[in-house]
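All remarks here apply to the structure that follows.
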Amino acid sequence: QLSRTDLSWLNDQYLNAKNEPPPDWVTWKILMEGEEHFAGFVPLDRALQMAKLIPRMHKQGDYWLWDANEMSLDWRSDKLQEWLWHAHQRGEVSDWRHELQDWFHDPVMHSTAPLQGHFEAGLRIERSGFSYLGLQSRAVHVNGFTPEGQLVVGLRSAHKHVDPGLYDNLMAG
């Protein structure tokens with residue numbers, strides 16, 4: 001039983017999540033095993049930084065491409081993790097958790113057919129680097145309902161670095 005104000009805020013969050021990226025942001029992709037995979041959106045200056053410091057990253061047409069073809073998961077992850085660590089040391093990536101998280105390219109995560117076989121992650125990098133790189137992370141988020149049908153949500157601590165004091169899940173992972 002959310003208030004009208006809370007419902008309005010929640011609706012705004014939903015609508016904003018579907019907005020296009022700002023005009024000065026660019027698409028970047030990763031070439032792996034002969035296929036280009038959409039990775040995310042980053043500001044143009046970040047793409048330029050990536051191109052300077054990450055081997056085989058370059059502009060290709062209207063997007064930026066990281067040619068990591070025929071490179072192992074460990075090689076790709078190490079190169080990007082090293083770049084993220086430097087960004088963290090410059091204060092650009094906050095809330096460093098020392099927690100590696102897997103990134104999978106979209107066809108694996110959005111398949112409507114039952115998944116069969118083993119799918120290897122495309123990257124394994126610091127969790128706090130995901131939003132900095134515009135990468136989508138996947139997780140299960142759980143809320144609950146009371147027997148009367150009221151939705152139970154959590155409220156984040158005011159001391160959290162990310163989204164302090166906002167509504168949250170009861171569990172996630």
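The values are calculated or read from the model by the stated rules, or taken from the named source; none is laboratory data. Note that the coordinates shown come from a computational prediction; the quantities given were computed from them, not determined experimentally. Positions of Cβ are backbone-derived with ideal geometry, glycine not excepted, and every protein chain shown enters the neighbour counts. Only protein heavy atoms, including side chains, enter the accessible area calculation; ligands, DNA and RNA are left aside. Shrake-Rupley method; radii C 1.70, N 1.55, O 1.52, S 1.80 Å.
Taking residues in the stretch 135-160 that are of a type in the set (Ser, Thr, Tyr), and partners anywhere that are open to solvent by less than 100 Å² (accessible area, probe 1.4 Å), the pairs with Cβ atoms closer than 7 Å and at least 6 places apart or on different chains are Ser137/Gln101; Ser137/Phe130; Thr146/Val152; Ser157/Pro164. Apart from one condition, Trp66 fits all of (1) at pLDDT 90 or above; (2) within 30 Å of Leu155 (Cβ to Cβ); the exception is (2). Residue count for the stretch 116-149, restricted to those that are open to solvent by 70 Å² or more (accessible area, probe 1.4 Å) and farther than 28 Å from Ile30 by Cα: 3. The helices (runs of 4 or more DSSP H) found wholly in the stretch 1-92 and carrying at least 2 residues that are open to solvent by less than 50 Å² (accessible area, probe 1.4 Å) and free of Cβ contacts under 8 Å to residues at least 40 places away in the same chain occupy 44-53. The set of residues in the stretch 100-115 being in a loop (DSSP other than H, G, I, E, B) and either surrounded by 13 or more Cβ atoms within 10 Å (Cβ to Cβ) or modelled with pLDDT of 90 or more (or both) consists of Phe104, His105. Taken over the stretch 156-166, the criterion of being at pLDDT 85 or above and either open to solvent by 60 Å² or more (accessible area, probe 1.4 Å) or more than 25 Å from the chain's Cα centre (by Cα) (or both) is satisfied by Ala158, His159, Pro164, Leu166.
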